[in-house]
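Just below is one structure, and these are the notes that go with it.
The values are calculated or read from the model by the stated rules, or taken from the named source; none is laboratory data. Because the structure is a prediction, the values reported are computed rather than measured. A quick note on method: Cβ atoms are made from the backbone with ideal geometry, for glycine too, and the neighbour counts reach across all protein chains shown.
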Amino acid sequence: MRVNKDQFIEDFVNKLVSKRGKKIKEANLLDKYYALASLTRDYIAEYWVNTNERYLKDNKKQIYYFSMEFLIGKLLISNLMSLGIKEVCEDGLKDLGLDLNEIAEIEKEPGLGNGGLGRLAACFSDSMATLGIPGYGVGIRYKYGLFQQKIMEGYQEEFPDQWLKYENAWEIKRPSESVEVKFGGNVIITQKDNRLKFVHENYESILAVPYDIPIVGYKNNIVNTLRLLSAEVMDKEFDYYHFNKGEYTKAFEDKYNTEAISYVLYPDDSYEKGKILRLKQEYFLVSSGVQSIVESFKKSGKHLKEFYKYVSIHINDTHPALAIPELIRILIDEEGFGWDEAWKITKHTISYTNHTIMAEALEKWNVDMIKKFLPRIFMIIEEINERFCKELWNTKYNGDFDKISEMAIIADNQIKMAHLAIVGSHSINGVAKLHTEILKRKELKEFYNIYPEKFNNKTNGISHRRWLLKCNPKLASVISEYIGPSWIDSPESLMNLLEFKKDPCFKEKIYKIKQYNKNKFANMVKEKYSIEINPNSIFDIQAKRIHEYKRQVLNVFHIMHLYNKLLENPNLDIYPRTFIFAGKAAPGYYIAKETIKLINSLGKKINNDYRIKDKLKVLFIEDYNITLAELLMPAADVSEQISTTTKEASGTGNMKFMMNGAITIATLDGANIEIANEVGEDNIIIFGLKAKEVLEIYKNNTHNSIDIYNEDIRLKTVMDELINGFLPVSMDEFKGIYDSLLKDNDKYLVLKDFCDYVRAQEKIDKLYRNKSKWLEMSVTNIAYSGKFSSDKTIEEYAKEIWGAL
Ligand code: F58
């Protein structure tokens, strides 16, 4: 868009008055932020309206990406960049004595996600807008997000994330487009004109109120929409009778019970009530989403028979898989279709991405629960299941009861959502080559046997606009200085950097930028934690959800081992290292929470030990989110991607670190394999068991952790230190971790990979001392990172799954 500095200044000053009732002199930072964000939204509005109009006219396929998570990050700076007016605003604000970055910092980040799955949804939204694909995100507007993580006495404590405390400057509430979502009750079946009619009665209604957020395409005048739904009571805000009797809590009981649906992401579902809430959230999302899509499609005048030619609904993991029976319900009960046609339309409309092979993350719902809260949906799932089992019976598996019950959607009083998603969709994709292979050959083998054409791979990607252009502006600008700005539109041209990987002048610039980013991070640490870290040490970072399979404990063991070596010989020549951790543990996940305590206890001990002469530091940075990631990625020298091989579906942090020039230490897992294939073995540090070996160990149970513990004295020492008072905690504090590794035979093969990990880390120590070589590796990583742009991934989804390009 075009706006000059004078116009911007005038608009901004007027906005401060109209929006906040203040002149610059009286305005505080919050006033300035809201004025600027609101002005930016005004600038966006024209393109938003035009885009929607164009999409209606163009008759192109519309893509709806259903996801329980959207980790979009702060929007002010990225929106200004996408509009192409960041510099003008920066200059204009400077003339007014204001600093854009200081204003932007005050924005609250929407905590609408947990991990890679949620960030992927955000990168995909960004790419769809930039490629001009009519893509809509559909999610939930959790009032309190995931949770805010605070570290207290070394432990994670959870607090409500009050990101909506003031207002969300980007959203537009659209109450007139609200839809009713029905829970509970019963279904009456009648017969009319030779057809069965299903009438849902005595249900409880909840209103899904949409809030639309603009997703601004990069300098292309296109603005897509992220629609977030919020739960409200249908009519009665509170009960007058109880209120007048002074029973205020009772008076508002219904309201809070209803609104709780969109309060928090991932309520603890170790209890029945948490499970019910989670089920309600999932149905709330898909029912309101699908109803709105069908309504808006009908307005276009086309026949619903053609729905799937103009609409794709993509489900991000199985959480929105109830979209399948919901679409069938609408087509049959409300639009008068017969089963066969409703089934065909649905199957051709829906596609599904699998993000994990971890058994505990494969969703299953108790039959009684679905029957009670979603009676009509249950009937439809039953029908799908019956027809599917018949199909199996009539084809391959005639007589094979075991196989059929293993593959059934409903078995043992449970509904298997992955099976529903596979049967009811036309495409199932994994998120990296190895992951897809494991789905095809192992986890979902039986389904691959009968539906090979449905399975495909789409390796994840990241938005280079957020993960380079925005978060590392100095690096972005030096890249453009050397290879021109074309990489911004076609990230694969980052490859042109290879020409400069031996250019001392270019490498020095890359070095200085890394140092600048490290200093920036070190300043934050000093300010927030009063800990001094050495910007000349290696910044070695592991930032991701805390989970046993991601093996933060392996990282910790290596640090403890280094520490032990230094205690033995304080003059040992170890290149100074700062180990940085960040990530949240699921509130009910005991070992993950203990791991956080372990990292902090180790930090407490090491950071205060003068004997090791500041050679090691260990930090846990609290409340990992997109904003923190944007600070961490550019500051990293080493990227830790050390999951148990076969367990990390893809990983996307690996791509973000690489794009910012960090060197990866990794197992050959998920997308690490594809990264290694691109950069070559000289530019990544690989260690650990290969997929085949891991699968073999699991299959034949050939691993015995106690043997390794007894054989490797370094490991034995470190492990004993968990329970012998070495750390500043009670002796049994880390017994859970200790037992999981020895008594429970180390399910994630930490001990098995320890030795090779230490070797790989020694290699890093050596390599880093060779500055020229290190920088060459760093440049090579940046150069190949363009291959992992989500633009490329989205192009593949659009062509091969959605038929939209
Ligand atoms: C992640 N999954 C995968 N799930 O772990 C990662 O390998 C992959 O790169 C990424 O998806 C994108 O494909 C993930 O983030 C969750 O957060 C689950 C959500 C449901 C509860 C359990 C965690």
Quiz prompt | Answer from Phe198, Phe252 - the residue that is touching a helix residue (DSSP H, G or I) at 6+ places or on another chain (Cβ under 7 Å) and either in the same structural domain as Phe378 (by TED's automatic domain parsing) or within 30 Å of Ser67 (Cα to Cα) (or both) | solution = Phe198
Exercise. Among residues belonging to the stretch 17-70 that are within 16 Å of the ligand (Cβ to nearest atom) and aromatic (Phe, Trp, Tyr), point out the one that is farthest from Asp317 (Cα to Cα).
Key: Phe70
Exercise. Examine the stretch 699-712 for a residue that is outside any loop (DSSP other than H, G, I, E, B), among the hydrophobic types (A, V, I, L, M, F, W, C) and within 16 Å of the ligand (Cβ to nearest atom), and state whether such a residue exists.
Key: no
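Here's the yes/no breakdown for (1) assigned to a loop (DSSP other than H, G, I, E, B); (2) acidic (Asp, Glu):
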residue	(1), (2)
Ile380	no, no
Ile404	no, no
Ser425	yes, no
Arg441	no, no
Glu446	no, yes
Asn449	no, no
Self-check item: Single match in Leu498, Leu494 (criterion: surrounded by 20 or more Cβ atoms within 10 Å (Cβ to Cβ), outside any loop (DSSP other than H, G, I, E, B) and touching a residue at least 40 places away in the same chain (Cβ under 8 Å))
Solution: Leu494
Quiz item: What pairs can you find where one residue is in the stretch 266-286 and aromatic (Phe, Trp, Tyr), the other is in a loop (DSSP other than H, G, I, E, B), and their Cβ atoms are less than 8 Å apart, with a gap of 6+ or different chains?
Solution: Tyr266/Asn114; Tyr266/Leu146; Tyr266/Ala586; Tyr283/Leu322; Tyr283/Leu374
Quiz prompt | Within the stretch 671-685, considering residues that are in contact with a strand residue (DSSP E or B) (Cβ under 8 Å, 6 or more places away or on another chain) and β-branched (Val, Ile, Thr), the one farthest from the ligand (Cβ to nearest atom) | solution = Ile685
Quiz prompt | Top-ranked residue of the stretch 456-470 - restricted to ones that are among the basic types (Lys, Arg) and within 16 Å of the ligand (Cβ to nearest atom), ranked as surrounded by the fewest Cβ atoms within 10 Å (Cβ to Cβ) | solution = Lys458
Quiz prompt | Complete set of residues in the stretch 572-622 that are more than 16 Å from the ligand (Cβ to nearest atom) and among the small types (Gly, Ala, Ser) | solution = Ser601, Gly603
Practice problem: Mind telling me which of the residues Glu386, Glu360 ends up being within 16 Å of the ligand (Cβ to nearest atom), free of Cβ contacts under 8 Å to residues at least 40 places away in the same chain and not basic (Lys, Arg)? | Solution: Glu360
Practice problem: Test each condition in (1) within 14 Å of the ligand (Cβ to nearest atom); (2) without any contact (Cβ under 8 Å) to a residue 12 or more places away in the chain; (3) among the aliphatic types (A, V, I, L, M) for Leu434 and report the one that comes out false. | Solution: (2)
Quiz prompt | Residue that is surrounded by fewer than 19 Cβ atoms within 10 Å (Cβ to Cβ) and either closer than 25 Å to Asp193 by Cα or within 16 Å of the ligand (Cβ to nearest atom) (or both), where the choices are Glu335, Glu295, Glu272 | solution = Glu335
Practice problem: Return the residue satisfying two criteria in turn: it lies in the stretch 644-665 and is assigned to a loop (DSSP other than H, G, I, E, B) and either outside the structural domain of Asp753 (by TED's automatic domain parsing) or more than 14 Å from the ligand (Cβ to nearest atom) (or both), and of such residues it is nearest to Ala629 (Cα to Cα). | Solution: Asn660
Quiz item: Any chance the stretch 476-489 includes a residue that's within 16 Å of the ligand (Cβ to nearest atom) and in a helix (DSSP H, G or I)?
Solution: no
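Residues checked against (1) in a helix (DSSP H, G or I); (2) within 16 Å of the ligand (Cβ to nearest atom):
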site: Ala321; (1), (2): no, yes
site: Ile324; (1), (2): yes, no
site: Leu331; (1), (2): yes, no
site: Met369; (1), (2): yes, no
site: Lys372; (1), (2): yes, no
site: Tyr397; (1), (2): no, no
Quiz item: Which residues, taken from the stretch 405-441, are touching a Phe, Trp or Tyr at 6+ places or on another chain (Cβ under 8 Å), of a type outside the set (D, E, K, R) and either surrounded by fewer than 20 Cβ atoms within 10 Å (Cβ to Cβ) or more than 28 Å from Leu279 (Cα to Cα) (or both)?
Solution: Ala408, Gln414
Exercise. State whether the residues of the stretch 108-127 include one that is away from the ligand (no atom under 16 Å from the Cβ) and surrounded by fewer than 24 Cβ atoms within 10 Å (Cβ to Cβ).
Key: yes
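Matching residues to (1) under 27 Å from the mean Cα position of the chain (by Cα); (2) among the acidic types (Asp, Glu); (3) surrounded by fewer than 15 Cβ atoms within 10 Å (Cβ to Cβ):
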| site | (1), (2), (3) |
| --- | --- |
| Ser730 | no, no, yes |
| Lys743 | no, no, yes |
| Gln761 | no, no, no |
| Tyr768 | no, no, no |
| Trp774 | no, no, no |
| Ser789 | yes, no, no |
| Ala798 | yes, no, no |
| Ile801 | yes, no, no |
| Ala804 | yes, no, no |
Quiz prompt | Enumeration of residues in the stretch 184-239 that are among the charged types (D, E, K, R) and closer than 30 Å to Arg41 by Cα | solution = Asp212, Lys219, Arg227, Glu232
Quiz prompt | Boolean, His355 is in contact (Cβ under 8 Å) with a residue 40 or more places away in the chain, assigned to a helix (DSSP H, G or I), closer than 29 Å to Ala798 by Cβ and not basic (Lys, Arg) | solution = no
Quiz prompt | Filtered residues of the stretch 517-539 (kept if under 16 Å from Gly603 (Cβ atoms), crowded, with 16+ Cβ neighbours inside 10 Å and either among the charged types (D, E, K, R) or touching an Asp or Glu at 6+ places or on another chain (Cβ under 6 Å) (or both)) | solution = Phe539
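Do we have any residue at all in the stretch 509-532 that's within 16 Å of the ligand (Cβ to nearest atom), in a helix (DSSP H, G or I) and closer than 23 Å to Leu631 by Cβ? Full working, then the answer.
Pass one, the stretch 509-532, residues within 16 Å of the ligand (Cβ to nearest atom): none.
No: the stretch 509-532 contains no residue that is within 16 Å of the ligand (Cβ to nearest atom), in a helix (DSSP H, G or I) and closer than 23 Å to Leu631 by Cβ.
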Quiz item: If you go through the stretch 583-597, how many residues are touching a helix residue (DSSP H, G or I) at 6+ places or on another chain (Cβ under 6 Å) and of a type outside the set (Ser, Thr, Tyr)?
Solution: 3
Quiz item: Of these, Glu10, Glu90, which one is more than 16 Å from the ligand (Cβ to nearest atom), outside any loop (DSSP other than H, G, I, E, B) and under 26 Å from Asp126 (Cα atoms)?
Solution: Glu90
Quiz item: Could we say that Leu668 is within 16 Å of the ligand (Cβ to nearest atom) and either in a helix (DSSP H, G or I) or more than 24 Å from Lys518 (Cα to Cα) (or both) here?
Solution: yes
